[in-house]
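Colleague: Structure below; questions to follow.
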Amino acid sequence: MTLNIGITCYPTVGGSGVVATELGKVLAERGHNVHFITSSLPFRLEENVANIYFHEVEVNQYSVFRYPPYDLALASKMAEVAKRESLDILHVHYAVPHAISAHLAKEMVGDHLKIVTTLHGTDITVLGYDPSLKDMIRFGINKSDYVTAVSQDLVHQTQELLQTSKPIETVYNFVDQRLYYPKQVDGLKAEYGISEHQRVVVHVSNFRRVKRVTDVIDAFRLVREKEDAVLLLIGEGPDLPVVDEKVKQYGLEDVVYFLGNQKRINELLSMSDVKWLLSEKESFGLTILEAMACRLPVIGTDIGGIPEVIEDDENGYIVPLGDTRQVAEKTLSLFQDEEKRQEMGRKAELRTATVFAQEEIVAQYERVYHQALSET
Ligand code: GMT
């Protein structure tokens, strides 16, 4: 049965926006009508794709408002689109403010409109600790018809922190393996001035404090003591100056590449030997999955949802948070045993194609929509 689905997410670079956009694209391919209701065109959404529509939320600057009311503008746009396009579902990514705006829209439109809320992490593990927001987040969750979270760890954290009895189902993230796959990238290392014999470590994030990119530099310094390697840093964010400072302090300027936000992630991952994500908070770690799809072993910390994505010693390694020595040792052991590194990479790719297969995850969301619609 074809559904009319509204999707709201943060449209800028970030895992939740990427997942929401990729989900919308696949749902459209499967024949559903997908309406993105966001403040700007989502980062990965191309225009003119069949069955996909974009409705921009505009906030008017009336002088009576000291703060432009985005959440109300969003609710109003959601209600307008829901009525005109006969939406069945509003699928919002992030509890605040999106689930709250969806609830208001539903009050305006009627009970036939169902709200599905997906929790991505930051809305719980960061905002959930703010006492001024906690009750609001709980309200958004309780008012949703169906709630999902991107890892079991996030389900447990949400239930513990918010003391909500609302059932929350785990629906893992996925990557499009038509976009992320091991690509032949002959000559790419030379383009960056990297020698063929040099090993490549890669880190991708938004350089927020929770990503602990300074640990990445500490671990890389230890690797460099034993191996001729380079480090690719992809992404941008608030901790960039601190990281830059540390790179200079260690004299690693020539072997650490600050690449900023990149469109050719598939190629850069395919050129790399190992990926690191050493965060202190991470509900899932979508960039891990992108690397695994490119046949890369990933070393991640033992926090949040990361151990649900990487199987330790099987398709990557899990290390204790802050243990940069272990990160370096595991990396060096992979560099010394190329057969093992490649074997782990193959297992990582296989895991992406099975446990996190796009087809299966999107079908799981379709089941969630039908479940929400079947409840009165
Ligand atoms: O990690 C971030 O800073 C961005 C954030 C977001 O909202 O995009 O990522 C969250 O959602 C991603 C997609 O589900 C997850 O892969 C990330 O682990 C999660 N980030 C945190 O939990 C810190």
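The values are calculated or read from the model by the stated rules, or taken from the named source; none is laboratory data. What you are looking at is a predicted structure, and each value in this text was computed from that prediction instead of being measured. Cβ coordinates were reconstructed from backbone atoms using ideal geometry, including for glycine residues, and neighbour counts include every protein chain displayed. Side chains are part of the model used for accessible areas, which takes the heavy atoms of the whole protein and leaves out ligands, DNA and RNA. Shrake-Rupley method; radii C 1.70, N 1.55, O 1.52, S 1.80 Å.
Colleague: Give me the angle, in degrees from 0 to 90, between the Cα long axis of helix 152-162 and the longest principal axis of the Cα atoms of the chain, rounded to the nearest 10.
Modeller: 60
Colleague: Something else about it: Short version: ³J(HN,Hα) in whole Hz for each residue of region 186-198, in order, from phi by Karplus 6.51 cos²θ - 1.76 cosθ + 1.60 (θ = phi - 60°), x for Gly and Pro, what are they?
Modeller: Values, residue by residue: 3, x, 5, 4, 4, 4, 9, x, 9, 6, 4, 7, 6 Hz.
Colleague: Moving to a separate point now. Which of rounded, prolate, oblate describes the chain, given a ≥ b ≥ c as roots of the alpha-carbon gyration tensor eigenvalues and a/c under 1.5 marking rounded, otherwise prolate only if a/b is larger than b/c? The partial results should precede the final answer.
Modeller: Details: a/c = 1.93, a/b = 1.79, b/c = 1.07.
Taking the square roots of the gyration eigenvalues as a ≥ b ≥ c, the chain is prolate.
Colleague: Next up: So which trypsin sites (Lys or Arg not before Pro) in region 212-312 end up in coil per DSSP with only 15 or fewer other C-beta atoms within 10 Å?
Modeller: Numbers: sites: ARG212, ARG221, ARG224, LYS226, LYS246, LYS248, LYS263, ARG264, LYS275, LYS281, ARG295; in loops: ARG212, LYS226, LYS263, ARG264, LYS281, ARG295.
Passing both the DSSP loop test and the Cβ count: LYS226, LYS263, ARG264.
Colleague: I would also like to ask the following. For region 271-314 and region 340-358, what is the separation of their C-alpha centers, rounded to whole Å?
Modeller: Comparing the Cα centres of region 271-314 and region 340-358, I get a distance of 11 Å.
Colleague: Still on this model: Per the Cauchy relation, a quarter of the hull surface: what is the mean projected area of the convex hull of the alpha carbons in region 188-354, in nm²?
Modeller: Working: hull surface 33.9 nm².
If I average the Cα hull's projected area over directions, I get 8.5 nm².
Colleague: Still on this model: Around ILE168, which amide H atoms from residues at least 5 apart in sequence, or from another chain, sit under 5 Å from its own amide H, with H modelled in the peptide plane?
Modeller: Amide H neighbours of ILE168, under 5 Å, 5+ apart: none.
Colleague: Which is the longest stretch in the chain that no exposed loop site breaks, taking sites as GluC sites (Glu not before Pro) with a DSSP loop state and at most 16 other Cβ atoms within 10 Å?
Modeller: Numbers: sites that count: GLU46, GLU47, GLU58, GLU85, GLU196, GLU225, GLU227, GLU236, GLU253, GLU280, GLU311, GLU314, GLU375.
The answer is 86-195.
Colleague: Any chance you could give the angle, 0 to 90 degrees and rounded to 10, that helix 15-29 forms with the longest Cα principal axis of the chain?
Modeller: Tilt of helix 15-29: around 60 degrees.
Colleague: Search the structure for amide H atoms under 5 Å from the amide H of THR38, placed 1.01 Å from N in the peptide plane, and list their residues when 5 or more places away or on another chain.
Modeller: Amide H neighbours of THR38: HIS55, VAL57.
Colleague: Roughly how many debye, to the nearest 20, is the charge dipole of the chain about its Cα centre, given +1 on each Lys and Arg Cβ, -1 on each Asp and Glu Cβ, and no other charges? Intermediate values should be presented prior to the final figure.
Modeller: Values: 39 positive and 56 negative charges, 125 e Å.
Around 600 debye, computed over the chain.
Colleague: Quick one: which residues, 5+ away or cross-chain, put their amide H under 5 Å from the amide H of GLY305? H built at 1.01 Å from N.
Modeller: Long-range HN contacts for GLY305: GLU282, SER283, PHE284.
Colleague: From the residues LEU240, GLY193, ALA229, which one has its Cα farthest along the dipole of region 188-354 in the positive direction, the dipole being from +1 and -1 charges on Cβ of Lys/Arg and Asp/Glu about the Cα centre?
Modeller: Sorting the options by dipole projection puts first LEU240.
Colleague: In whole Hz, with x marking every Gly and Pro, tabulate ³J(HN,Hα) for region 214-222 from phi via Karplus 6.51 cos²θ - 1.76 cosθ + 1.60, θ = phi - 60°.
Modeller: Here the 3J(HN,Hα) series is 5, 5, 4, 5, 4, 5, 5, 4, 5 Hz.
Colleague: Give a residue-ordered list of calculated ³J(HN,Hα) values for region 2-8 (Karplus: 6.51 cos²θ - 1.76 cosθ + 1.60, θ = phi - 60°; whole Hz; x for Gly, Pro).
Modeller: 6, 10, 9, 10, x, 10, 10
Colleague: Expected output is a single nm value to one decimal: the length gained when fully extending between GLU225 and SER165, i.e. 0.36 nm times separation in residues minus the C-alpha distance. What is it?
Modeller: Details: separation 60, 0.36 × 60 = 21.60 nm, distance 5.13 nm.
Net length gain for the segment: 16.5 nm.
Colleague: Can you pull the percent of the chain's accessible area that's carbon plus sulfur, 1.4 Å probe, other chains left in place? Before the final figure, lay out the partial values.
Modeller: Details: 7640 of 16250 Å².
The C+S portion of the solvent-accessible surface of the chain is 47 percent.
Colleague: Report, to the nearest 10°, how far helix 100-109 tilts away from the longest principal axis of the Cα atoms in the chain, using its own Cα long axis and a range of 0 to 90°.
Modeller: The angle comes out near 30 degrees.
Colleague: Treating the beta-carbon of each Lys and Arg as +1 and of each Asp and Glu as -1, no other charges, what is the dipole magnitude of region 175-291 about its Cα centre, to the nearest 20 debye? Can you show the working numbers first?
Modeller: Working: 17 positive and 20 negative charges, 60 e Å.
With only Lys, Arg, Asp and Glu charged at Cβ, the dipole is about 280 debye.
Colleague: Hey, how many Å between the Cα centroid of region 78-94 and the Cα centroid of region 124-186?
Modeller: One Cα centre to the other: 20 Å.
Colleague: Run down the aspartates and glutamates and flag those whose C-alpha is under 15 Å from the C-alpha of LYS83, throwing out any fewer than 8 positions away in its chain.
Modeller: Answer for LYS83, where 15 Å is the Cα cut-off: GLU107, ASP111, listed by chain and number.
Colleague: Over region 180-225, average the accessible area per residue using a 1.4 Å probe and give it in Å², no decimals.
Modeller: Working: 2150 Å² over 46 residues.
Roughly 47 Å² per residue, with all protein chains present.
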